[in-house]
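Some notes on the structure that comes next.
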Amino acid sequence: MEIEEPTEIRFEAHPGNSEEREALRQLLAQRTEEFLAQGGQVEQVGFQMKDTPEVFVINPRKTPVYAHLFQQSETGSQEKPLTAQAEPERELPVERLPGEQLAARLMVQAALGASPRSAAKAVGITEKHARQIARDYRIKFSRER
């Protein structure tokens, strides 16, 4: 059985009126019937999923955002020079420090004239947390919002 070369159906643009759409529908139905009459088969392919999803991993060494950080550490340990804004190293993470120590650190920042936002940043907590500690321990900041 010979199969003819299918003639091309070109869709220039979305047909504007329903007569053109209906003509295209009829042409497509006619060509489908001809194909099936010549012994052609239609294979239906539905939605197929894999058993496990593909693992998506971002390698920070290869991304342009973080690659420069690894290039410095791989070329050698270059210590940053100390500046006036260098933050002190802490033995415990800030979240684990007792409230009294956080309050003491906030009192020092308030005495130095810091705002609640800058004091929270210096201590390493959120501004909301700093304001709550300031209310609990009655710490007065000279500069407010």
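The values are calculated or read from the model by the stated rules, or taken from the named source; none is laboratory data. Note that this is a predicted model, so its numbers are computed, not measured. Heads up, the Cβs are rebuilt from the backbone with ideal geometry, glycines too, and the neighbour counts pull from every protein chain shown. All accessible areas refer to the heavy atoms of the entire protein, side chains included, with ligands and DNA or RNA removed. Shrake-Rupley method; radii C 1.70, N 1.55, O 1.52, S 1.80 Å.
For the stretch 108-128, a residue qualifies if it is within 27 Å of the chain's Cα centre (by Cα) and either open to solvent by 80 Å² or more (accessible area, probe 1.4 Å) or among the hydroxyl-bearing types (Ser, Thr, Tyr) (or both), and the qualifying residues are ARG117, LYS121, THR126, LYS128.
Would you pick out the residues in the stretch 16-58 that are open to solvent by 100 Å² or more (accessible area, probe 1.4 Å), outside any helix (DSSP H, G or I) and of a type outside the set (A, V, I, L, M)? GLN41, GLU43, GLN44, PHE47, GLN48, LYS50, ASP51, PRO53, GLU54, PHE56 - these are the residues of the stretch 16-58 that are open to solvent by 100 Å² or more (accessible area, probe 1.4 Å), outside any helix (DSSP H, G or I) and of a type outside the set (A, V, I, L, M).
Just wondering, is there one or more residues in the stretch 81-91 that are at pLDDT 90 or above and more than 18 Å from ARG143 (Cβ to Cβ)? Checked against the condition, which is being at pLDDT 90 or above and more than 18 Å from ARG143 (Cβ to Cβ), the stretch 81-91 yields no hits at all. Given the criteria open to solvent by 90 Å² or more (accessible area, probe 1.4 Å), of a type outside the set (A, V, I, L, M) and modelled with pLDDT of 75 or more, does ARG96 qualify? Against the criterion (open to solvent by 90 Å² or more (accessible area, probe 1.4 Å), of a type outside the set (A, V, I, L, M) and modelled with pLDDT of 75 or more), ARG96 does not qualify.
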